[in-house]
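Undergrad: I'd like to ask some things about the structure below.
Quick note: the coordinates plus some simple rules give every number you see, no bench work behind them. The structure presented is a predicted model; accordingly, all values stated were derived computationally and were not measured. All Cβ positions, even for glycine, are placed from backbone atoms using ideal geometry, and neighbour counts span all protein chains on display.
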Amino acid sequence: MNNLKKSSIKLGIICNEFFALSQGRMGGFGWAASQVAECFNSDPDLGVEVVFLAGEAYAKPGEPDPIVHNTRLILRQHNKLAYARRIWREKIDLILSIDYRPNYRPLFWILPRTPIILWVRDPRPPEDVAKIDTVRIPGAENVYPQGLKCFDCTSFAQVFRISQWLSRPVLFATPAPFLKDKVLGTYGVEPSEVTFLPNIIDMEPGDVVKSEKPTVVFLARLDPYKRPWLFAELARHFPDVEFIFMGKLHFEGEGAWEPTSLPDNVKLMGHVGGVDKIRILSEAWVLINTSIHEGLAVSFQEALKCETPILSCLDPENVVSRFGIYVGR
């Protein structure tokens, strides 16, 4: 019994995705949540117990909490009182909010005095929203693409003000310093300080050996705002280069991009993780990013860890222009 150590902090991570195929979409927010959980779960001596709190997904009556990345995931309940009591029983000491979405607010109100760290990952002020809104899928210019709608996150200003009245600490943190300039326009709050909370890049590629044949990769969901059709179009112009899509479609039907009639030098790998992702990234000559908007893409950092330069339409924190080629819009 003396060898058992009680956790000193219980951390509740709020997110709408958890980087698990069993729980829906696979994206950067879920990746961040999973990396934090795995960091603390792998070292109990850190004294942090993690629990996931779903912002939007609802539990089915009678089903146990799902276990994702060795972490319990508490889903929402339609019975608001029962749900609140369920959350109170957890005795959460600190909230890590993976960015912010309006459907996180019920959890903030259920835990009105629990300190919040808002991890600013993908802020979208009005000027970014306007740029994203210009995207159209080739051949379907009259159809509004799925996934472009940007949430109005200025309701966090109310959470912030009420937290101040209740003396609840709220800390803003970001994995890239340039993102702090987008905080006011996105969340309606101008904090006195935005601290640095970096991404956890724990890949160990070992000795990197590039492929004999030129190979380039796309590492992201195939959502319209990522503009994957530009990657496919590049393949038509470079038939001697192998183009690899690593990522799966999240949307289907009208307003989604369908990867049809692709050139022979394009491979669709779907979601790739673990050692396979490290191998493909390490063998690649270039990572290509065609998004119209990004924060600091995790794929950039993972590519650089694998000694793979970047070709991109965006240059967050000057990473691309320092370690690859920034082509501009």
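Undergrad: One-quarter of the Cα convex hull surface for the stretch 91-211, in nm²?
TA: On the way: hull surface 47.3 nm².
Reported value for the Cα convex hull: 11.8 nm².
Undergrad: Against the empirical 2.2 N^0.38 Å scaling, what ratio does the C-alpha Rg of the chain come to?
TA: Values: Rg = 20.8 Å, N = 329, 2.2 N^0.38 = 19.9 Å.
Its radius of gyration relative to the 2.2 N^0.38 Å reference: 1.04.
Undergrad: What per residue convex hull volume, in Å³, do the alpha-carbon atoms of the stretch 162-240 yield?
TA: Details: hull volume 13.7 nm³, N = 79.
Per residue, the Cα convex hull of the stretch 162-240 comes to 173 Å³.
Undergrad: I'd like the distance between the alpha-carbon centres of the stretch 234-265 and the stretch 93-130, rounded to an integer number of Å.
TA: 34 Å
Undergrad: Residue farthest toward the positive end of the dipole of the chain, with Cβ of Lys/Arg at +1 and Asp/Glu at -1: which of P61, G206, G188?
TA: Highest projection toward the positive end goes to P61.
Undergrad: What span do the alpha-carbon atoms of the stretch 215-326 cover on each of the three principal axes, reported in whole Å from largest to smallest?
TA: For the stretch 215-326, the Cα extents along the three principal axes come out at 37, 30, 27 Å.
Undergrad: When the label point is put 7 Å from the Cα of K10 along its Cα-to-beta-carbon vector, which residues of the stretch 75-94 have a backbone N closer than 16 Å?
TA: 75, 83-94
Undergrad: So, R0 is 56 Å and r is the distance between the beta-carbons of F196 and N142; what FRET efficiency does that work out to, to 0.05? The partial results should precede the final answer.
TA: Working: r = 44 Å, r/R0 = 0.78.
It comes to 0.80.
Undergrad: Another question, if that's okay. I need the fraction of alpha carbon pairs in the stretch 89-144 separated by more than 17 Å, rounded to a whole percent. Write out the running numbers ahead of the final one.
TA: Values: 877 of 1540 pairs.
Summing the P(r) of the stretch 89-144 above 17 Å gives 57 percent of all pairs.
Undergrad: Right, here's the next one. Once you have the Kirkwood Rh of the stretch 232-275 from its Cα pairs, apply Stokes-Einstein at 25 °C and 0.890 mPa s and quote D in µm²/s. Mind showing how you got there, number by number?
TA: Details: Rh = 11.7 Å.
D = 209 µm²/s.
Undergrad: When only Cα pairs under 8 Å and 6 or more residues apart are kept, what is the percent relative contact order across the chain?
TA: Working: 627 pairs, mean separation 44.2, N = 329.
Relative contact order, the chain: 13 percent.
Undergrad: Can you give the Rg/Rh ratio of the stretch 9-196, where Rg is from the C-alpha atoms and Rh is the Kirkwood radius?
TA: On the way: Rg = 17.3 Å, Rh = 17.7 Å.
A ratio of 0.98.
Undergrad: Please state the relative contact order of the stretch 215-326 as a whole percent: Cα pairs under 8 Å, 6+ residues apart? Working shown, then result.
TA: Working: 197 pairs, mean separation 30.5, N = 112.
This gives 27 percent for the stretch 215-326.
Undergrad: Still on this structure: With both partners inside the chain, how many of the DSSP beta bridges are antiparallel, as a percent to the nearest 5?
TA: Looking only at bridges with both residues in the chain, the antiparallel portion is about 5 percent.
Undergrad: Let me ask something additional. To the nearest 20 Debye, how big is the dipole of the chain about its Cα centre, given +1 on the beta carbon of each Lys and Arg and -1 on that of each Asp and Glu? Could you put the intermediate results ahead of the total?
TA: Working: 37 positive and 39 negative charges, 274 e Å.
Its charge dipole is roughly 1320 debye.
Undergrad: Mind counting lysine pairs for me in the stretch 73-210? Cα separation below 29 Å, and the two need to be 8 or more apart along the chain or on different chains. List each step's numbers first, then the result.
TA: Details: K80/K91; K80/K149; K131/K149; K131/K180; K131/K182; K149/K180; K149/K182.
Taking the stretch 73-210 as the scope, the lysine pair count is 7.
Undergrad: For the chain, what is the calculated [θ] at 222 nm in deg cm²/dmol (nearest 500), taking -39500 (n - 2.57) for each run of four or more DSSP H residues and dividing by its residue count? Before the final figure, lay out each step's value.
TA: Numbers: 10 runs with 86 residues, N = 329.
Only helices count here, giving -7000 deg cm²/dmol.
Undergrad: Also, I was wondering about something else. Can you give me the span-like helices of the chain, meaning DSSP H runs with 18 Å or more of Cα extent along the axis and Kyte-Doolittle mean at or above 0.0?
TA: Working: long enough: 28-41 (19 Å, 0.34).
Answer set is 28-41.
Undergrad: Another question, then. Looking at the stretch 215-326 only, what percent of DSSP beta bridges run antiparallel? Nearest 5 please. Write out the running numbers ahead of the final one.
TA: On the way: 1 of 17 bridges.
Once the DSSP bridges in the stretch 215-326 are tallied, antiparallel ones form about 5 percent.
Undergrad: Could you give the length gained on full extension between V241 and K60, defined as 0.36 nm per residue of separation minus the Cα-Cα distance, in nm?
TA: 60.4 nm
Undergrad: Which of rounded, prolate, oblate describes the stretch 70-115, given a ≥ b ≥ c as roots of the alpha-carbon gyration tensor eigenvalues and a/c under 1.5 marking rounded, otherwise prolate only if a/b is larger than b/c?
TA: Values: a/c = 1.25, a/b = 1.17, b/c = 1.07.
The shape class here is rounded.
Undergrad: Can you run phi through the Karplus equation (6.51, -1.76, 1.60; θ = phi - 60°) for the stretch 61-77 and list ³J(HN,Hα) in whole Hz, with x for Gly and Pro?
TA: Couplings: x, x, 8, x, 4, x, 10, 10, 6, 6, 9, 5, 10, 8, 7, 6, 10 Hz.
Undergrad: What translational diffusion coefficient, in µm²/s and rounded to a whole number, does the Stokes-Einstein relation yield for the stretch 151-307 at 20 °C and a viscosity of 1.002 mPa s, taking the hydrodynamic radius as the Kirkwood radius over Cα pairs? Don't jump to the answer; show the numbers that get you there.
TA: Numbers: Rh = 18.2 Å.
Translational D for this selection: 118 µm²/s.
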